[in-house]
Amino acid sequence: LLLDEPTNHLDLDAVIWLEGWLRAYRGTLLMISHDRDFLDAVVGHVAHIEGRRLKLYTGNYSAFERARAEQLALQQAMYVKQQREIAHLKSYIDRFRAKATKARQAQSRIKALARMEEVTAAHVDTPFEFRFFEPVGSPDPLLMLEDAAAGYGDTAVLQGLTLTLRPGERLGLLGRNGAGKSTLIRLLAGESAPLSGIRREGKGLKIGYFAQHQLEQLRPDESPLWHMNHLDPRTRDQDFRNYLGGFNFHGEMATSPVGPFSGGEKSRLALALLIWQKPNLLLLDEPTNHLDLEMRHALTLALSEYEGAVVLVSHDRHLLRTVCDNFCLVADGGLKPFDGDLDDYRKWLDQPQEAKSGAKVSPADTATPAPPPAPERKPSGKARALEKEIGQLEKRMAQLASEKQKLDARLADPALYQPAAKADLQACQQRQTEVAGELAGTEAAWLAAQEKLEKSE
């Protein structure tokens, strides 16, 4: 199975479903993805391409990051050591090459220098360097909805919306595909008016709104530099060039037409335009679509340091965990606080199928009495065996998850990366890989047993 960015344009619930399906998949999987949590849950090896070479790492993405960090630290130490040795050899050659008594030794060192396999300096390819400007003069509250309804035309998708956004608030919106998250963001941004109720802005509110449709509003025949000048004609071109460089628009790319740009490049430009306007409220609807891991990481860091308010819709769980302090659930045509984290949201999505897909009762049907419940059937011997197997698998998953958490905490200790602890580090990494593999296999077996149990019923 070959997958190239399978989570792009999927909502979080679809990503979670696909993640579960791929973990139960028995075939070979080769995948490109920029979703850290998705990679952590699904893959057991990472193939890293750098400098036109491919290197295979064992473990998930987090294990790859730790192994590569250790490798880069070792490479840098070897580079520094080799540079000292090269400097010493060159010094000797320069001093004694012209002396007859030392000519043979000097030639020997020249040959040694030529044979030496050069160690390159360790570096991480991260072409992005930007941050949000500090918001100035934020009103309190920033924005309020009072019993508002949102939708399209005369059709209300959401009703009874009451929300107060204050400076520094960091809110994530959760909900199934089609529940109305983007509709709510559009209402908050002022892109659509409330069908009823009130939307009230604080004096001095400055909104930064990002959504995928904004990429289509970029002028295809104009350049990133033109877009910046159009936004702020008073700023010098060189200042814009320096700023755009932080989004990896260097040299000719800053003056090239936007039309041929990739989706990721257009998203970076849209974010650059948004950040330049110094908003005190960010409304972000799937900002990581099309972005690679390096840009996602840079955006996550910038948002975590941003001092203004954020309302975020995203299928990127790493971004949601890092940026959001609170969550709201968009469901059943309304908005309510969600008392929990993303793990609790996964459990909410995994509610019994009848609770998820039960038909809505129309007003005409409310007077019809419900049929009497079917007599409860006792589980068959096969079903009882499956239930016992599921219980054992769940117990083992809990044990493995606990051990993995302890190993992750151990591997986060900087002391473990000292030279004296190398053997302990290798043992921890090996055990972490073993635990991750066993946990993935146990979860796949649990899913298979659940499917068998559903069929037996």
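Just so you know, all these numbers are worked out from the coordinates, no wet-lab data involved. Computed from a predicted structure; not experimentally measured. Here Cβ is always computed from backbone atoms with ideal geometry, including for glycine, and neighbour counts include all displayed protein chains.
Worth a mention:
- Other residues with beta-carbon under 14 Å from the beta-carbon of L30 carry, at +1 per Lys or Arg and -1 per Asp or Glu, a net charge of -2.
- Modelled this way, with points 7 Å down the Cα-to-C-beta line, the labels at S91 and E201 are 6.6 nm from one another.
- Derived value for region 381-456: Kirkwood hydrodynamic radius 14.1 Å. Basis is the mean of 1/r over every pair of different alpha-carbon atoms.
- Calculated [θ] (222 nm, deg cm²/dmol) that DSSP helices of n ≥ 4 give over the chain, each run adding -39,500 (n - 2.57): -15000 deg cm²/dmol
- Per-residue extension of 0.36 nm, minus the Cα-Cα distance of E191 and Q82, leaves a gain of 33.3 nm for this segment.
- Values [x] 85, 57, 44; [y] 112, 72, 38; [z] 69, 61, 45 are given for comparison; Cα extents along the principal axes in Å, derived from the coordinates here, is the one labelled [y].
- Among beta bridges from DSSP that stay inside the chain, the antiparallel ones total about 55%.
- Ranked packing of 279-288, 132-141, most packed first, by mean Cβ within 10 Å: 279-288, 132-141
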